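To keep things clear, I will list the structure first and then write my remarks on it.
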Amino acid sequence: MADLDLRLVRYFTAVAEHRHFGRAAEALHITQPSLSRQIRRLEQQVGARLLDRTPRGTRLTEAGEVFRPQAEALLRTAAQAAAQARAAAEPSRFTVGFAAGIIVTPAVRELRRRHPDAEVRSTHLDWGDVHAALLDHRADAVVARLPFPTDQLEVTVLYDEPRTVIVPLDHRLAGKESVTLDDIADEPLPRLLGADPAVNAFWRLDPRPDGSRAPDGPVIEALEDKFEVVAEGQALVVAADVRGRALRPDLTAVPLHGVEPCHVVLATRAGDRSRLVTDFRKCARSHLTGTDPR
């Protein structure tokens, strides 16, 4: 069998995702006839028909269903191999990822001071991108809040953040010194679409200590949407301590007592003992303590 062309494999995964040659061709920025020819070439290399066209679009054949997860894994492995090779060839490049509301500036500055010849940069990561960004070598270290998948990672807790409840200014709990789970037992809490179940469970405090389930609020697609559903009175939101940070003027944060705090951690790839990773760990432990750097 001829060696598989990774470019053709990528074309196949695009069609498998869109279930339509026209939309896949548009996403790949090639013409539809060209895409059809490339898929036929791939099928010749594999030795099996992978896709069938139907009046409603395109469907995977039985062989295509088997091939798809392997194809996606093959592309991920190739991307990781290339990233690791670049990292080995460019040991003086270092990227620090950080989650929303977390300040990494003091540690980044210290790493630059220690390694003036290194190219050190920081980049914001979405809530669900921490694990993938590290394994894909888009980031070399990440400071973020648990929970997130930690397999193949080394994780060190830097500090804890108390949790708070975000409520509208006219809510019955607004202005209280603190609240407990009993105070919000009947309040709906939103669910984040596509989030790992552990993430939704942590922020929804679900299940409760007595085994009861958290009342369901709206399903949201992005963390930024949570403030809108609170302002509209559709739900409350449990969040990391936002006091001292900007919060929209129609909302307020009330400390939530009696629950586990949020752990802010430093995550790196397991076994990564490069000079910059080792030094950034020291910088993070020295400068990222959860206190306001101002």
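Numbers for the structure displayed
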read-out	value
Positive dipole terminus of the chain, leading residue within 218, 30, 20 (C-beta point charges)	30
Of the DSSP H helices in the chain, those whose Cα atoms cover at least 15 Å axially and whose Kyte score averages -0.5 or more	6-18, 62-89
Over the chain, relative contact order from alpha-carbon pairs under 8 Å, at least 6 apart, %	20
Given (i) 258; (ii) 186; (iii) 124, the label whose value is volume of the Cα convex hull per residue in Å³ derived from this model	(ii)
Beta bridge orientation in the chain: antiparallel %, DSSP, nearest 5	65
Rough spin-label spacing in nm, given labels placed 7 Å along Cα→Cβ, for residue 282 and residue 83	2.7
Of the GluC sites (Glu not before Pro) in the range 185-294, those whose Cβ has at most 12 other Cβ within 10 Å and which sit in DSSP loop	221, 224, 232
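Read the figures in this text as sums done on the coordinates, not as results from a lab. Here the structure is a predicted model, which is why all the values come from computation and not from measurement. Ideal geometry is used to build each Cβ from the backbone, glycine not excepted, and the neighbour counts take in all protein chains shown.
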